[in-house]
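**Q** Here it is: the structure, laid out below.
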Amino acid sequence: MYNLVIKDILVIKKQFVFAFAYILLIIFAFQNMGEAKFAAGIVAFTYMLVMTSCAYEDKNKADVMLNCLPLKKSTVVLAKYISVFLYFVLGTAAYLIFQYIIGSMGFSIEIYPLTLQSFVGGLVAVSLLSGIYLPVFFKVGYMKTKILNFILFFGFFFGISFLIDILKDYQGSALLKNITEFLQNKSDAVIAAVILALVFIFLSISYYISLKFYKNREF
């Protein structure tokens, strides 16, 4: 498993330069995003690396080679999910480093520190995108998922504002009132733990779907 994760990193090492540059672009160019700046940057960073890794595998017929090795298909699938979170950790570290450097150099831009809320929000966004995309990738490969890539990536940015508008329209509903009252009585740590538990359940379901597709896929 370790070797598969390292393989993904080595294959896309040149792409890291562009991914890190994108985080800087988000920090400088999108001043009005507030705390959502981290989520936007980390989603773009992680998704870019995941897409590149999948593209290289498809282009070089890596699945054919992996299936000739004494590797369990569950190991191959799990390694891809672990890679996603490794990219997330690297992107978070890069954001913190850029935040420190920019703050130390005295640039006149708004720098929003990483908070528990923004961290959990970024993790949820990355998990949702990856959890939806990877089962499809393991089912049909990269080339047949290009349209899905476009829809997921841009749907994330435009979908957030759309979701906020919907929630505003239904803010008086009994369900939202009950959820709001429940959250108001809980600490940030408890809320974060509940959200992360739901994310774990979602990713577990995504993983087993990916594994089922990958086992039934013909190479």
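The values are calculated or read from the model by the stated rules, or taken from the named source; none is laboratory data. Please read all numbers here as calculations on a predicted model, not as lab measurements. FYI the Cβ positions are ideal-geometry reconstructions off the backbone, even for glycines, and counts take in every protein chain you see. All accessible areas refer to the heavy atoms of the entire protein, side chains included, with ligands and DNA or RNA removed. Shrake-Rupley method; radii C 1.70, N 1.55, O 1.52, S 1.80 Å.
**Q** Rounded to the nearest 0.05, what FRET efficiency is calculated for ILE6 and LYS72 with R0 set to 22 Å and r the Cβ-Cβ distance? Mind dumping the intermediate values first?
**A** Values: r = 18 Å, r/R0 = 0.81.
Working from the Cβ atoms, E equals 0.80.
**Q** Any chance you could look up the accessible area of LEU10 with a 1.4 Å probe, heavy atoms only, rounded to 10 Å²?
**A** 110 Å²
**Q** Ordering ASP58, ASP8, ASP188 from largest to smallest accessible area (1.4 angstrom probe), what's the sequence?
**A** Working: ASP58 35, ASP8 5, ASP188 85 Å².
Sorted by accessible area, descending: ASP188, ASP58, ASP8.
**Q** At 1.4 Å probe radius, can you tell me the per residue accessible area of segment 6-144 in Å²? Walk me through the intermediate numbers first.
**A** Working: 6730 Å² over 139 residues.
Averaged over the residues of segment 6-144, the accessible area is 48 Å².
**Q** If you roll a 1.4 angstrom probe over the protein chains with everything in place, what fraction of the accessible area of segment 7-142 belongs to carbon and sulfur, to the nearest %?
**A** Values: 4530 of 6400 Å².
Accessible surface attributable to carbon and sulfur in segment 7-142 totals 71 percent.
**Q** Here's something else I'd like to know. Looking only at segment 188-219, which residues have a backbone nitrogen under 16 Å from a spot 7 Å from the Cα of MET143 in the C-beta direction?
**A** 218-219
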